[in-house]
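Bear in mind these aren't lab numbers, they're just calculated from the coordinates by the rules spelled out. What you see is a predicted model; the values in this text were computed from it and never measured. Note that each Cβ is placed from the backbone with ideal geometry, even for glycine, and that neighbours are counted across all protein chains shown.
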Amino acid sequence: MEQIAEKQEARRGTSPQSTPVRMSGAQILWEVLEREGVEVVFGYPGGAIMPVYDALPASPIHHVLVRHEQGAAHMADGYARASGKVGVCVATSGPGATNLVTGIATAMLDSVPLVCITGQVSSTLLGSDAFQEIDITGITLPITKHNYLVTRAEDLAHSIREAFEVARSGRPGPVLVDITKDAQQATVPFRWSDEPVRLPGVRPARRLTHEQIERAASLINQAKRPLIFCGHGVIKAGASELLLRFAEKTGIPVASTLLGLGAFPASHELSLGMMGMHGEAWVNHAVQESDLLVAVGMRFDDRVTGNLKNYATAARKIHLEVDPAEVNKNVKADVAMLGDLGRSLERLLPAVAQREHQDWRARIRALREDSASRDVQGIPHQGRLRAPHVLHDLWRLTRGEALVVTDVGQHQMWEAQYYRHERPRSLLTSGGLGTMGFALPAAIGARFARPDEEIWVVVGDGGFQMTACELITCAQEGIKLNVALINNGYLGMVRQWQEFFYGGRYVATPLKSPDFVKLAEAHGLTAMRVTTREQVASAVDAARKAPGTAVIEFCVEGEEAVYPMVPANADLHAMIRRPSRIEESIHEP
Amino acid sequence: MSHDSAFAPSIGRRIARTFIVYVQDRPGTLNRVVSLFRRRGFNIDSLTVGRTEREGVSRITLVVQSDEDTARRLEANFYKLVNVLEVHDVTHAPSVSREMAFIKVRAGAERRGEILQLCETFRARVVDVAPESLTAEITGTSEKLDGLIELLRPFGILEMVRTGAVAMARGTAAQGSGGPSEGDLAA
Ligand SMILES: Cc1ncc(C[n+]2csc(CCOP(=O)(O)OP(=O)(O)O)c2C)c(N)n1
Ligand SMILES: [Mg+2]
């Protein structure tokens with residue numbers, strides 16, 4: 001009781017005169033997390049983090065016990081992507097910390113704000129190769145925005161607060177705080193300050209000059225075949241609404257990166273869909289024909305551009321970007337507008353002219369019609385279950401309103417092509433690192449951010465087996481998720497590359513799986529198997545109605561390929577296309 | 001220590017560029033700086049680190065071969081490091097730059113006179129003389145050091161060490177005395 005009273009005292013004690021309370025490093029950690037607005041953390045205990053766990057019951061923060069620390073990092077990541085807040089995970093030293101690495105790298109490449117707390121051996125043992133000592137700040141140096149090794153309880157509060165500030169400011173990213181056991185145990189005075197944290201150093205002011213706005217506007221107003229590129233940054237900056245106004249005023253069609261899906265409504269007449277390696281053919285052709293690209297919050301990743309040498313050669317480029325290091329990295333910008341995307345769009349809006357671009361949009365429509373004849377949706381299923389049909393049906397049945405979390409592989413691309421997202425943060429996927437095993441744990445994290453929304457996990461038979469251990473976390477937490485497990489019996493995306501580029505030699509891609517229905521049932525979850533298209537609707541319905549997590553195994557055609565496809569480093573327009581309906585029907589048995 | 005990155009658009013003119021970088025004097029800071037170069041494939045000519053007039057602040061002088069775009073990207077990448085306080089590209093600013101070297105050169109009695117004369121011309125000091133060698137200390141611009149080294153090479157250079165350049169802006173205004181600005185932090 002006394003302790004609680006003291007804690008409350010500390011909470012109120014924001015003036016410098018108030019007497020500081022004495023707290024252990026572990027208590028300070030939870031106190032600061034709570035004050036940073038953290039509601040839930042995902043973690044796994046061990047020797048070097050035990051003082052932190054011992055202090056947990058006194059905190060109102062909910063702890064989710066994961067089954068593998070990689071899951072903890074992905075859950076924190078899913079929570080952050082779904083909420084726009086900082087996600088937090090906790091692990092012990094040594095193997096606990098190294099198990100986080102894939103999850104941290106995933107967050108780094110997709111600019112997701114995380115604070116990862118790891119325990120470390122006592123400061124007196126540092127550098128001695130003590131039991132479970134690993135240099136985790138060294139290991140994570142290139143995959144964090146920044147990291148801290150805290151060896152004194154006195155430094156803890158400040159380091160944690162700074163970690164949150166670094167994680168969410170500018171271009172967000174993961175931050176790791178490694179805390180030695182003695183720093184968790186030591187008792188020191190704690191005084192909270194409401195002063196905002198200031199990061200060290202001076203950063204150059206990024207003011208947009210009048211001249212920049214003029215130049216950008218004049219390029220936009222004079223363009224005949226312009227495109228807007230919508231990236232993940234639009235979602236992070238909360239700039240969807242402004243982008244919509246900008247597109248509607250300028251009449252410029254909008255193409256999206258994988259991570260930008262949802263930032264611009266798919267049903268909008270200006271929406272073109274996804275660009276890049278598995279982008280829509282008409283989008284890639286339009287990019288190659290364009291004379292101006294207005295890139296908003298995207299970084300011209302190689303999966304988007306294909307061969308840079310022949311990429312959009314006729315197009316001028318305007319690059320709106322929050323991270324100055326991304327400008328002129330892959331593609332030279334004619335005008336670079338650095339800083340908050342919303343602010344840049346706001347400045348640009350009054351300067352641009354109202355346009356329609358009738359001819360250009362008619363040209364893109366023509367490109368689109370050619371593609372429609374090759375669309376798999378037009379192909380009859382003839383009693384066979386095809387993954388693209390499943391994704392299309394899922395979109396229809398959930399009226400495009402679900403929050404979808406996808407894994408990595410063919411199913412991920414079909415989801416991006418056939419599930420049409422209308423709002424930001426309605427698709428969570430690992431784009432930059434392409435981490436198999438991401439979906440299930442990320443969806444668990446997302447559930448804590450969005451307790452009332454329908455959530456679907458779309459995952460392959462390969463990726464599911466990487467983090468399937470977290471099914472039991474769903475059961476233990478009583479979480480409701482719907483899992484669409486796309487079982488094609490292959491590591492499908494790799495099999496596709498083998499089919500196209502390695503003479504059809506399927507080496508190490510055919511995949512045996514457990515009985516997924518029994519597996520899910522063994523976790524106490526609802527499960528069903530779907531083998532024909534007719535069963536899809538009733539299974540989706542049953543899954544949605546199930547009180548807890550439900551798994552549907554869709555047994556789909558094994559050798560389906562994702563079309564179109566730009567082979568790695570090929571020119572963007574040199575796509576491998578799905579054989580047209582007529583060609584395909586010849587091959588039908 | 002260098003490779004040409006495949007992605008960097010190297011269309012501009014590559015010249016030696018000098019950066020002055022102020023960093024927090026914390027464990028691991030230099031590691032972060034070097035790691036940045038390694039990972040992004042920037043070409044380092046030289047890198048020197050030392051204390052400054054400010055407590056807890058170290059100063060790095062860095063010379064890299066790069067074109068203008070790459071230089072801007074390098075600067076932007078520096079600013080992504082939380083421990084980096086300020087970055088100044090002094091390549092085109094009026095500044096003085098000096099490097100120091102010890103050069104141990106083969107110098108038997110018959111050729112010693114010639115070598116001493118060269119040292120004199122370059123204002124290098126002889127800091128050690130042995131029966132078969134002598135060691136010269138030279139301070140100057142990197143180009144001046146290059147000049148002497150080239151002339152001494154035919155005699156046989158036995159050992160050499162160069163410090164790398166340190167640079168400072170001319171005039172009263174100190175680099176990096178500017179107050180905080182309202183830019184985006186650690187973008
Ligand atoms: C952790 C990890 N290992 C390997 C890969 C390489 N990889 C990319 S897609 C893929 C196949 C995924 O198979 P599955 O999960 O069954 O999905 P499918 O492509 O069949 O839909 C592999 C192995 C990866 N992206 N991530
Ligand atoms: Mg598969």
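What to note about this one:
- Residue among A:90, A:327, B:57 farthest towards the positive dipole end of the protein assembly as shown, charges placed on Cβ: A:327
- Test item: A:193-205 mean partner chain Cβ contacts at 10 Å: 6
- Axis angle, to the nearest 10 degrees, between helix A:156-168 and the longest C-alpha principal axis of chain A: 10 degrees.
- Summarising the label geometry, the points placed 7 Å from Cα in the beta-carbon direction at residue A:302 and residue B:68 lie 2.9 nm from one another.
- Shielding value for B:69-79 is 4, the average number of Cβ atoms from other chains within 10 Å of each residue's Cβ.
- The distance between label points at residue A:500 and residue B:16 comes to 4.8 nm (points 7 Å beyond Cα on the Cα→Cβ vector).
- Sites residue B:106 and residue A:63, calculated FRET efficiency, Cβ-Cβ separation with R0 51 Å, nearest 0.05: 0.10
- Here the 3J(HN,Hα) profile of the stretch A:25-38, calculated from phi with Karplus coefficients 6.51, -1.76 and 1.60 at θ = phi - 60°, is x, 4, 5, 4, 4, 5, 4, 5, 4, 4, 5, 7, x, 6 Hz, Gly and Pro shown as x.
- A cut-off of 5 Å between modelled amide H atoms, ignoring neighbours fewer than 5 places along the same chain, links residue B:25 with B:57, B:58.
- Approximate spin-label separation residue A:39-residue A:218, in nm, with each point projected 7 Å along Cα-to-Cβ: 5.0
- For the stretch B:96-166, the relative contact order is 51 percent, taking Cα pairs closer than 8 Å that sit 6 or more residues apart in sequence and dividing their mean separation by the residue count.
- Looking at the stretch A:491-558, the trypsin sites (Lys or Arg not before Pro) that sit in a DSSP loop and have at most 15 other Cβ atoms within 10 Å of their own Cβ are A:505, A:512.
- The charge dipole of the stretch A:110-258, taken about its Cα centre with unit charges on the Cβ of Lys, Arg, Asp and Glu (plus for the first two, minus for the last two), comes to roughly 940 debye.
- The residue B:143 and residue A:377 beta-carbon pair, evaluated with R₀ = 51 Å, returns a calculated FRET efficiency of approximately 0.15.
- For the residue pairs A:85/A:309; A:85/A:512; A:85/A:181, the alpha carbons lie more than 32 Å apart in A:85/A:309; A:85/A:512.
- Residues whose placed amide H lies under 5 Å from that of residue A:150, excluding near-sequence neighbours: A:178, A:179, A:180
- Working note: Debye formula, equal point scatterers on the alpha-carbon atoms of the protein assembly as shown, no solvent; log10 I(q)/I(0) at q = 0.05, 0.06, 0.07 Å⁻¹ is -0.31, -0.45, -0.60.
- Relative contact order of the stretch A:384-556: 25 percent, from C-alpha pairs under 8 Å at least 6 residues apart in sequence.
- Gain in span if fully extended, residue A:123 to residue A:559, counting 0.36 nm per residue against the direct Cα distance: 151.5 nm
- Think of chain B as a dipole: +1 on every Lys or Arg Cβ, -1 on every Asp or Glu Cβ, centred on the Cα centre; then among B:167, B:77, B:19, B:77 lies furthest on the positive end.
- Listed values for the stretch B:110-124 are Karplus-derived 3J(HN,Hα) couplings in whole Hz (6.51 cos²θ - 1.76 cosθ + 1.60, θ = phi - 60°), namely 5, 10, 4, x, 4, 5, 4, 5, 4, 4, 4, 4, 8, 6, 8, and x replaces Gly and Pro.
- Net charge dipole, the stretch A:223-286: roughly 200 debye, given to the nearest 20, about the Cα centre with Cβ charges of +1 for Lys and Arg and -1 for Asp and Glu.
- Projected over every direction and averaged, the convex hull enclosing the alpha-carbon atoms of the stretch A:2-190 yields 10.0 nm².
- Each of A:270, A:449, A:527 was placed along the dipole of the protein assembly as shown (beta-carbon charges, centred on the mean Cα), and the one lying farthest toward the positive end is A:270.
- Within the straight-line cut-off of under 17 Å between alpha carbons, the lysines reachable from residue A:224 are A:249, A:317, sequence neighbours fewer than 8 places apart in one chain being disregarded.
- FRET E, pair residue A:354, residue A:207, Förster distance 35 Å, beta-carbon r, rounded to 0.05: 0.85
- Helix B:68-79 axis, angle to chain B major axis (alpha carbon atoms, nearest 10°): 70
- Based on Cα contacts under 8 Å between residues 6+ apart, chain A shows a relative contact order of 14 percent.
- GNM top mover of B:16, B:130, B:169 - chain B, alpha-carbon springs below 10 Å: B:130
- Close amide-amide hydrogen proximity is noted between residue A:115 and A:87, A:88, A:89, A:175, each under 5 Å apart and 5 or more residues distant or on a separate chain (H modeled in the peptide plane; Pro and chain starts excluded).
- Think of each Lys and Arg Cβ as +1 and each Asp and Glu Cβ as -1; about the Cα centre, that makes the dipole of the protein assembly as shown roughly 1160 debye.
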